[in-house]
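Asker: Would you mind keeping the following structure in view while I ask a few things?
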Amino acid sequence: MITAIIPARGGSKRIKNKNIIPIGGHPLIAWTIQTALASNMFDKVIVSTDCPDIAEVAKRAHAHVPPLRPPNLSDDHTTLDVVMQHVIETHEIASEWVCLLYATACLLEPQTLSDAAALALSADPQTDFVMGVVPYPHPIQRAFTLAQSKVCLVQSAHAKTRTQDLEEHYHDAGQFVFGRRAAWQNGQSVWDSQTLGTPVARHAAVDIDTPDDLVLVEALMRSRSDVLHA
């Protein structure tokens, strides 16, 4: 099996208490925990936090919550890689694969996590990570800059290429990363390792950074609920 770790510090700046803000009638992180548990791919779902309120919400959602993370691992400059190393080492996690699951991944479907976990478990020994990816909504070959309102194509060679003929490009979905325990412990990243990508639906990969993002997530959550209960 696989261990899931959800880093969820309490010091969000742009949206206060973002990780436990109510979405669709439940705290945001509770949805993420529920999705992880419903995937049936994790032997344990751990929430690493420095905040007592987040810890209490996570416990009620049936996550495992270790002692609060120390302040020096909870500031604006602490990377997720460092948090993963801390949890793996201090809690002696033995799973071959460990999943970094973002606290704000509240729109993920359990099947998406199951598929990603299956890809990781069946990967060859050289594979270090499996990350969720989404395609750019428009071909990046047609990207341009604005210099004093002047449109300047980044790749002028594709000025007349039909968009349907351009190769699709992807970016990090910002939802989850499955990594081998050793890769996390060694401080590797998905960019300097052997990494596989697994698709995530664009509507399930919404970054929550602004109040407008919350409105969008609430609408998507409500839409999903309407479909499930139709």
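The values are calculated or read from the model by the stated rules, or taken from the named source; none is laboratory data. Here the structure is a predicted model, which is why all the values come from computation and not from measurement. Virtual Cβ from ideal backbone geometry, glycine too; neighbours counted across all protein chains shown. These area figures cover heavy atoms from the full protein model, side chains too; ligands, DNA and RNA do not enter into them. Shrake-Rupley method; radii C 1.70, N 1.55, O 1.52, S 1.80 Å.
Asker: Would you please state the base-10 log of I(q)/I(0) at q = 0.21 1/Å for region 92-218, with intensities from the Debye formula using one equal scatterer on every alpha carbon?
Answerer: The Debye formula, applied to the Cα set alone, gives -1.15.
Asker: Can you work out the FRET efficiency for the pair Asp76 and Asp165, with r the C-beta to C-beta distance and R0 = 45 Å, to the nearest 0.05?
Answerer: On the way: r = 43 Å, r/R0 = 0.96.
So the FRET efficiency works out to roughly 0.55.
Asker: Next question, about the same structure. Starting from region 123-197, pick out the trypsin sites (Lys or Arg not before Pro) whose DSSP state is loop and whose Cβ has at most 16 other Cβ atoms within 10 Å.
Answerer: Numbers: sites: Arg142, Lys150, Lys160, Arg162, Arg180, Arg181; in loops: Lys160, Arg162.
Hits after loop and neighbour filter: Lys160, Arg162.
Asker: Cross-link partners among lysines for Lys160, C-alpha distance below 29 Å, same-chain residues fewer than 8 apart left out?
Answerer: Correct list for Lys160: Lys150.
Asker: Now for a different question. Arg14 to Glu109: extension gain in nm, 0.36 nm per residue of separation minus the Cα-Cα distance?
Answerer: 31.6 nm
Asker: I'd like the orientation of helix 28-38 relative to the chain: the angle between its Cα long axis and the longest Cα principal axis, in ° from 0 to 90, rounded to 10.
Answerer: Helix 28-38 sits at roughly 80 degrees to that axis.
Asker: Of the beta bridges DSSP finds with both residues in region 1-135, what % are antiparallel, to the nearest 5?
Answerer: Numbers: 2 of 13 bridges.
Roughly 15 percent of the DSSP beta bridges within region 1-135 come out antiparallel.
Asker: Another question, then. Output the 0 to 90 degree angle, nearest 10, between the alpha-carbon long axis of helix 110-121 and the longest principal axis computed from the alpha carbons of the chain.
Answerer: Here the helix axis deviates by roughly 90 degrees.
Asker: Further question: Identify all aspartates and glutamates with a Cα-Cα distance to Lys18 below 20 Å; exclude those on the same chain that are fewer than 8 residues away in sequence.
Answerer: Cross-link targets: Asp50, Asp53, Glu56, Asp75, Asp76, Asp207, Asp209, Asp212, Asp213, Glu218.
Asker: How much length is gained if the chain between Lys44 and His91 is pulled fully straight, taking 0.36 nm per residue apart and subtracting their Cα-Cα distance, in nm to one decimal? Walk me through the intermediate numbers first.
Answerer: Numbers: separation 47, 0.36 × 47 = 16.92 nm, distance 1.18 nm.
Stretched fully, the Lys44-His91 segment lengthens by 15.7 nm.
Asker: Grab the DSSP H runs of the chain that are 4 residues or longer, score each as -39,500 (n - 2.57), total them, divide by all residues and round the 222 nm result to the nearest 500 deg cm²/dmol. Walk me through the intermediate numbers first.
Answerer: Details: 6 runs with 66 residues, N = 230.
Only helices count here, giving -8500 deg cm²/dmol.
Asker: Between region 129-183 and region 57-82, how many Å separate their Cα centres?
Answerer: So the separation of the two Cα centres works out to 32 Å.
Asker: Round to a whole number: what % of the accessible area of the chain belongs to carbon and sulfur, probe 1.4 Å? Write down the numbers at each step before the final one.
Answerer: Numbers: 6530 of 12430 Å².
Ligands and nucleic acids excluded, carbon and sulfur give 52 percent.
Asker: Return one whole number: the accessible area per residue of the chain in Å², for a 1.4 Å probe.
Answerer: Values: 12430 Å² over 230 residues.
Accessible surface, normalised per residue, equals 54 Å².
Asker: Roughly what % antiparallel, to the nearest 5, for the DSSP beta bridges in the chain? Don't jump to the answer; show the numbers that get you there.
Answerer: Details: 17 of 33 bridges.
Antiparallel bridges make up about 50 percent of those DSSP assigns within the chain.
Asker: Let me ask another. Quick check on region 1-115: what does the Kirkwood estimate of hydrodynamic radius come out to from the alpha carbon pairs, in Å? Write down the numbers at each step before the final one.
Answerer: Numbers: mean 1/r = 0.0710 Å⁻¹.
Kirkwood hydrodynamic radius for region 1-115: 14.1 Å.
Asker: Taking a ≥ b ≥ c as the square roots of the Cα gyration tensor eigenvalues, with a/c under 1.5 meaning rounded and otherwise prolate when a/b beats b/c, else oblate, which class fits the chain? Let's see the in-between values first.
Answerer: Working: a/c = 1.64, a/b = 1.37, b/c = 1.19.
Verdict is prolate for the chain.
Asker: Pick from Leu107, Leu80, Leu153 the residue whose mean-square fluctuation is largest in a GNM of the chain, springs joining Cα atoms under 10 Å.
Answerer: Leu153
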